[in-house]
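Each reported figure results from applying straightforward, stated rules to the coordinates on display, with no laboratory input. This one's a predicted model, so the numbers in the text were calculated from it and none came from an experiment. As a convention, Cβ positions derive from the backbone with ideal geometry for all residues, glycine included, and neighbour counts pool all protein chains shown.
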């Protein structure tokens, strides 16, 4: 299950740019035969054929796409989306109609399912998704273009399916059960695969390991807004019921590290009563321009952090949380001590005045 989760997230980092219809740039190193065949608009796309396939329901893959890319078949596309009946998919060569307009034509107003259109454009596949008869969000919030190379098409579909099902956070949680560092491999960062492996080993070698995830900010935002109706602390969601503290950094489509969060509950035993110290370390380590620098900074700060957190910070945390109790205790003592002293004075005076008066005796 974890292996599938890792495989389906290969391009999850940039998939939301495709979800919101970013126009693709020319694919570097693209097979010129594939580009020529898919760019030839001699065959018109028949909307009736697509709708007929969707009624089945099954994905529609244009014959010319399968001729050029034999692995891209309706069965393979359905498997990539795990036969999700709430999603309709069409894979087309370069259409005569603008992809965004074509996607709207394919999706009837009011339909509850999501329409996903892959269409060849400028040397790569462009992705448009439509829900309720309108494009989901238009262009990507990052404003960057997105392309899906022909060789990555099925993998991209698996990653898109993860996003549409709202499983970006659960996928990261499953991955961190096997490793101390999970980086969605499609993220536009300055990290290499070797660097990720080396950093994972270093995080694992810490005296008290911390698990770290780099996730696509757009996908997490989509999941929080559409699926979860509010994501909350992403690090705590990724941590789940596990004891090891988790740090999550969010990366946008340009590779900028735009935010960081740390789980507070499990982090408390080492990083302060509420994990505030880990949160401060996470924020201080973030380098907006570099994921590699961010993770390196985090490692260095965690490696030099005293066990149990900084003594001054822990003392401040203790005073902050203990001060109300101490004030109540002090007020109680101020009220109780004078009364106790008065009672002791009365008892002392009664003991020095002789025997207590006996009650009168009746004859």
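What FRET efficiency do you get for residue 66 and residue 206 if R0 is 45 Å and r is their Cβ-Cβ distance, rounded to the nearest 0.05?
Plugging the Cβ-Cβ distance into 1/(1 + (r/R0)^6) gives 0.35.
Can you tell me the FRET efficiency between residue 97 and residue 39 if r is taken as the Cβ-Cβ distance and R0 is 25 Å, rounded to the nearest 0.05?
After rounding, the FRET efficiency stands at 0.95.
Can you say what percent of the DSSP beta bridges in the stretch 45-124, counting only those with both residues inside, are antiparallel? Round to 5.
Antiparallel bridges: around 10 percent, rounded to the nearest 5.
Quick check: pseudo-label points 7 Å beyond the Cα along Cα→Cβ at residue 198 and residue 258, how many nm apart are they?
2.9 nm
So, R0 is 22 Å and r is the distance between the beta-carbons of residue 56 and residue 122; what FRET efficiency does that work out to, to 0.05?
Efficiency, rounded to the nearest 0.05: 0.10.
Under a point spin-label approximation (7 Å from Cα along Cα-to-Cβ), what is the residue 348-residue 300 distance to one decimal in nm?
Once both label points are built, they end up 6.6 nm from each other.
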